[in-house]
Amino acid sequence: MIQRLRLLAAVIICLMGTTATAKDNLHKIKLQTEMLRLISTNDKDEFTRVTEALKAECQKEGDERLFYTAWGNQSTYEATHQNYVAAEEIANKIADYAEDQNSFWGNYVVLHTKAVNALQKQDYQAAEEGFLKAVEFRHKYFPNESAGDDLQELMKIANHRKDQKAGLKYARQILAEPNVLPIHKGRALFRLSQFAFNKDNKVLYDSIYNELMTLKRTDGIGTIEPVVEVNYEIMQGNYEKALQLCKELSPEKRAERMAVIYHRMGNNDKAYEYMARFKAINDSIVLVSHGNVVASCYVQMNNERLKLEQKVLEEESAKWKHLFIYTLIGAVIIILAVVLWHHHLRIKRLEDENVKLGIARDEAEKAFDMKNEFITHITDELRAPMNPIEGLSEILSTPEYDLQPEERTELKNLIKENSKHITKLIDEMAELSLYESKKSLPINYTLSPNHLLRHMVDSMRPLCKEGVRIFYESELPDDYEVATNLEAMEALLKHLLENAIQFTDQGVITLACYEHGDMVRTSVTDTGRGIPVERRPHIFDTFREMGDNMKLQGLGLPICQAIVKLLGGTLWLDEAYTEGSRFVFELPKKHVQQ
């Protein structure tokens, strides 16, 4: 009996130890997840608190790898927020500590972190050298582990430089790594599939596609991207199925793939239409850059023309002076007066043109600055949701992390939310570019404002938060008709109502329409949080200032402003309304009424 009691006590102690260990591991996973979520935010205090807590937990348990990884993320956080001096100081502290502790993993983290920080500064040469050193170090001291993290970054750098040869080399190296993670293997195979498709090598493409399908079945992490499926059906000649799958692609990739499909089907008119659409979307990012080049060329050409005209004027003046000597005094006076007057007019015209050229030069310089700011801020905005996606995906794909079902669901939801944020940002950029590139909109539909606005209210009602009501009010009769651009009006009303719904937690949203003199006026009123006074002058700007930095804000209001401008009207915020926010736009009757 005593032996049985002792055995039972030993079992209870083991179970208690196992439970405590499981709780500790879960706590570390939660801290790591929170760290990856905060690394792309501006909440530095909370990020520091979480990483310090994680480092303390790792030191207590002797988890060397996670300890140095968390410390390296502190350096990366500073680099991500452009605090490069602070980032370098933290990396150097890690290096000194790892040297004292004789930690190979700590030295590896220093190499990897410094390479990541160089990439944040867009110093691709230094970043490439750093990742190559990290790969070499990991192969030397951790021969049975994959260097897929570093090779993946090298593949990205090669793709950025459009160095196809280097990109393929690193992709093949990833596949040759021992114990390579499925997510790294999937990305390498995706890169090779693009090469096989571009070379029209069906045998190679089919083999890569089969490997991707096997990877997806065995690991279940969705390693096949939609464009791989589309390319597979194109290679098989199943063009109709490929067209159906294109619906899952982003607008840019969808237009590009559909142009390829129609070209292969022999429908070159359709192929040209979608290639033009692809070019319009793709060029939206570099449009400012091209405009800057054209403006610079225009300034240079006009400066050369002014020099030639000045030279001609000087030659003409000399000719007239010689002619005046051999003419009668009266004719000389008349001709001289005409020449001087003509010369005066030319000089005045040249002065006017110089003023215009000065304005053009200033606009060109402003466009150049805007282009640099635009590319930098779009890169930051896209990187912000991408960092947690990669980190959370790595957690989901790492078997060492024994996640509970609800935790796995939460991580998947976070990935899905960040993916939606990226898609929404790209779609709004494309929509804003589309309307800003137009000079006018066609009047293509005659309708009743009451019918259209009631329909918009009904369609947006399910999106309202609980406790929020949405109504439509009108002073117009139902048989009152207007001629307008239906697609633009729907987009305008959709963005204004979405804006009101987003910032209204309780109360009422009202859409109203009525005549106002020679205008037709529409307003969207809500009882939400309102807009702070200091932000009101910038609500229609694409960017807003945040201290010494710029941050991309929602593009809905800039899109609305562009649409109203194309329709010949005006859009403004009613600052006299203090119960929430009220946006008003009005269009001339002559533009909308038949």
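The values are calculated or read from the model by the stated rules, or taken from the named source; none is laboratory data. If you're wondering where the values come from, they're calculated on a predicted model, not measured in any experiment. Surface areas here come from the heavy atoms of the whole protein model, side chains and all, with no ligands, DNA or RNA. Shrake-Rupley method; radii C 1.70, N 1.55, O 1.52, S 1.80 Å.
Figures for the structure shown
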quantity: Heavy atoms of L463 accessible to a 1.4 Å probe, total area in Å² rounded to 10; calculated: 100 Å²
quantity: Rounded accessible area of M213 (nearest 10 Å², 1.4 Å probe); calculated: 50 Å²
quantity: Amide H within-cut-off set for I509, under 5 Å, with H built and near neighbours excluded; calculated: R469, I470, F471
quantity: Accessible surface of the stretch 163-275, 1.4 Å probe, proportion on carbon and sulfur as whole %; calculated: 48 percent
quantity: Accessible surface, 1.4 Å probe, highest first, among residues R582, R521; calculated: R582, R521
quantity: Amide H contacts under 5 Å for S474, placed H, 5+ residues apart; calculated: C513
quantity: Long pairs among K216/K412; K30/K465; K30/K93, criterion Cα-Cα beyond 21 Å; calculated: K30/K465; K30/K93
quantity: Heavy atoms of T578 accessible to a 1.4 Å probe, total area in Å² rounded to 10; calculated: 110 Å²
quantity: Listed residues H81, H160 arranged by accessible area, highest first, probe 1.4 Å; calculated: H160, H81
quantity: Which of D526, D206 is most accessible, then next, and so on - probe 1.4 Å; calculated: D206, D526
quantity: Backbone HN-Hα couplings from phi across the stretch 506-514 [Karplus 6.51/-1.76/1.60, Hz, Gly and Pro as x]; calculated: 7, x, 9, 10, 10, 9, 10, 9, 6
quantity: Reachable aspartates and glutamates from K438, criterion Cα separation under 15 angstrom, eight or more residues apart if same chain; calculated: D283, E487
quantity: Per-residue HN-Hα couplings for the stretch 486-500 [Karplus 6.51, -1.76, 1.60; θ = phi - 60°; Hz; x = Gly/Pro]; calculated: 4, 4, 5, 5, 5, 5, 4, 5, 4, 5, 5, 5, 4, 4, 5
quantity: Rounded to whole Hz, the Karplus (6.51, -1.76, 1.60) HN-Hα couplings of the stretch 434-444, x for glycine and proline; calculated: 4, 6, 5, 7, 8, 9, 7, 10, x, 8, 10
quantity: 20 Å Cα-Cα threshold exceeded, pairs from K420/K494; K162/K424; K279/K439; K60/K133; calculated: K162/K424; K60/K133
quantity: Accessible area expressed per residue, the stretch 40-176, with surrounding protein chains retained (probe 1.4 Å, Å²); calculated: 50 Å²
